[in-house]
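The values are calculated or read from the model by the stated rules, or taken from the named source; none is laboratory data. As the structure is a computational prediction, the values presented were derived from the model and not from experiment. Cβ sites come from the backbone with ideal geometry, for glycine too, and all protein chains shown count toward neighbours. Accessible surface is based on the protein model in full, side chains and every heavy atom, while ligands, DNA and RNA are left aside. Shrake-Rupley method; radii C 1.70, N 1.55, O 1.52, S 1.80 Å.
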Amino acid sequence: MDAYWMLLLAALVIGFQSFIFRKTAFRKLSYSRSFQVSSCYEGDKIELMETIGNRKALPVPWLRVESRFRTGLLFGSQLNLDISEGQHSQNHKSFFSLMPWTKIVRRHQITAARRGVYKLGTVTMTSGDLLGLSSMVRSQALEGELTVYPNPIDMHNMELPVRSWIGDLVVRRWIMEDPFLQSGVRAYRSGDPLKDIHWKASAKAGSLQVHQRDTTADGRVLIYLNVEDHEQMWTHATKPEPIEYGIRLTAGIVVHLLSQGMEAGFGTNGTLEDEPETHVSIPVTGGKNHQEQILSTLARLELTRRMSFHDYLAAELERLEEARDILILSTYISPRLEEMLSRFVSRGHTVTIHILDQQADGDQEESA
């Protein structure tokens, strides 16, 4: 009989504690998570800080916090942290035990291994009684994200022909028409402003003629990146390495030019994360904020084409109002693209073609 009452008492105690801990599991329990910085470059080491607080008289015997990150962030080994990684995402499980009126701050050491935008997303918290017989689950949406910029290629160490138009030589390489210098006349071309028409020369020649402007040095470069790894690419790049190299090369050129007080713009036929229908075209300008805009765009760039590079350039040709110095980054140049680029040249643009390769020693460059 005594054994019966003892078993009954034990069952009541177990049931009571299960009821109490289940009811109070998330009461006055707070959880937050934040990155140490909002942006960094590939290869940088940063911290992810978790803070959890139990502001009540009862303990939290155990708490499991589960979340999911896209792959590309490498977490250092740490106690009470379990990571299972798939091809596109990694699942995290953190374990806590909190005494009454306790706050725990846990710092995770992270290496940003791949460009991209990493959102904190949603965490799922599971807690229960002392014996684990019952549990409660709660989900919490978190704000915040980390933007990992592509690692800019150091233009000073590049053993490539592109060095001929980087640094001090850029001032001599990139040229623009100077409205105050005239060196003769030439035939009128579509897009020439009416104010440049030379009426006396037109009357003499029997056709419209315009003032031929001389050129002065300019440091404004418009970079177009082709995300197609071949001309017949359907949607996704099957060989991403050369395109990723082109992204890092773009970052290096932009950072270098803007650090020299010059200006740069960027466009691509690729899509942006969460904005697949956006036409990516950043105008030519300078400044620190502009650099961050281009780097952020490169971080969000998906290797999925929105339209063919030929059609993208056709749209850009109609959009451009001023003659620009244009750099084309592409894994290939076809006769169809050559014809399109010749139309840019006929409109007064200067075009340089840079053939992308995964390895720097395979790069080729030509000018038009």
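Considering (1) open to solvent by less than 10 Å² (accessible area, probe 1.4 Å); (2) more than 18 Å from Gly265 (Cα to Cα), say which one Phe344 fails and leave the rest.
Here Phe344 clears every test but (2).
Return yes when Tyr332 is more than 15 Å from Ala264 (Cα to Cα) and open to solvent by less than 10 Å² (accessible area, probe 1.4 Å) and no when it is not. Please lay out each step first, then the result.
On the way: more than 15 Å from Ala264 (Cα to Cα): yes; open to solvent by less than 10 Å² (accessible area, probe 1.4 Å): no.
When the stated conditions are applied, Tyr332 does not pass them.
Of the conditions (1) within 30 Å of Ala112 (Cβ to Cβ); (2) surrounded by fewer than 19 Cβ atoms within 10 Å (Cβ to Cβ), Gly270 clears all except one; give me its number.
(2)
Which number in (1) at pLDDT below 90; (2) open to solvent by less than 80 Å² (accessible area, probe 1.4 Å) marks the one condition that Thr122 misses?
(1)
Do the conditions hold for Ser84, that is, is it more than 30 Å from Arg27 (Cβ to Cβ), outside any strand (DSSP E or B) and without any contact (Cβ under 8 Å) to a residue 40 or more places away in the chain? Walk me through it before giving the result.
Numbers: more than 30 Å from Arg27 (Cβ to Cβ): yes; outside any strand (DSSP E or B): no; without any contact (Cβ under 8 Å) to a residue 40 or more places away in the chain: yes.
It is false that Ser84 is more than 30 Å from Arg27 (Cβ to Cβ), outside any strand (DSSP E or B) and without any contact (Cβ under 8 Å) to a residue 40 or more places away in the chain.
Take the residues of the range 284-307 that are of a type in the set (Ser, Thr, Tyr) and closer than 18 Å to Leu146 by Cβ: which is surrounded by the fewest Cβ atoms within 10 Å (Cβ to Cβ)? Walk me through how you get there before you give the answer.
Step one: list which residues in the range 284-307 are of a type in the set (Ser, Thr, Tyr), which gives 285, 296-297, 304.
Imposing the further condition that a residue be closer than 18 Å to Leu146 by Cβ reduces the set to 296-297.
Values: Ser296: 15, Thr297: 20.
The qualifying residue surrounded by the fewest Cβ atoms within 10 Å (Cβ to Cβ) is Ser296.
Hey, could you check the range 87-119 for residues that are without any contact (Cβ under 8 Å) to a residue 24 or more places away in the chain and in a strand (DSSP E or B) and say which is least open to solvent (accessible area, probe 1.4 Å)? Quick ask: steps written out before the conclusion?
Initially, the range 87-119 is screened for residues without any contact (Cβ under 8 Å) to a residue 24 or more places away in the chain, giving 87-90.
Going one step further and asking which of them are in a strand (DSSP E or B), we end up with 89-90.
Working: Ser89: 38, Gln90: 3 Å².
Applying the filter and picking the extreme gives Gln90.
Which one of Ser334, Ser296, Ser330 is among the polar types (S, T, N, Q), outside the structural domain of Arg115 (by the TED database), at pLDDT 90 or above and touching an Asp or Glu at 6+ places or on another chain (Cβ under 7 Å)?
That would be Ser334, the only listed residue that is among the polar types (S, T, N, Q), outside the structural domain of Arg115 (by the TED database), at pLDDT 90 or above and touching an Asp or Glu at 6+ places or on another chain (Cβ under 7 Å).
Taking the stated definitions as given, is Gly219 over 20 Å from Tyr149 (Cα atoms) and either open to solvent by less than 10 Å² (accessible area, probe 1.4 Å) or at pLDDT below 95 (or both)?
Working: over 20 Å from Tyr149 (Cα atoms): yes; either open to solvent by less than 10 Å² (accessible area, probe 1.4 Å) or at pLDDT below 95 (or both): yes.
Yes.
In the range 293-324, which residue that is of a type in the set (Gly, Ala, Ser) and touching a His at 6+ places or on another chain (Cβ under 8 Å) is farthest from Ser281 (Cα to Cα)? Please lay out each step first, then the result.
At the first step, the residues of the range 293-324 found to be of a type in the set (Gly, Ala, Ser) are 296, 299, 308, 314-315, 323.
Retained after the next criterion (residues that are touching a His at 6+ places or on another chain (Cβ under 8 Å)): 315, 323.
Working: Ala315: 10, Ala323: 16 Å.
By that ranking, first place goes to Ala323.
Can you tell which of Val210, Val255 is modelled with pLDDT under 75, aliphatic (A, V, I, L, M) and surrounded by fewer than 21 Cβ atoms within 10 Å (Cβ to Cβ)? Even if it seems obvious, please write down each step before you answer.
Values: Val255 fails: modelled with pLDDT under 75.
Exactly one residue qualifies, and that residue is Val210.
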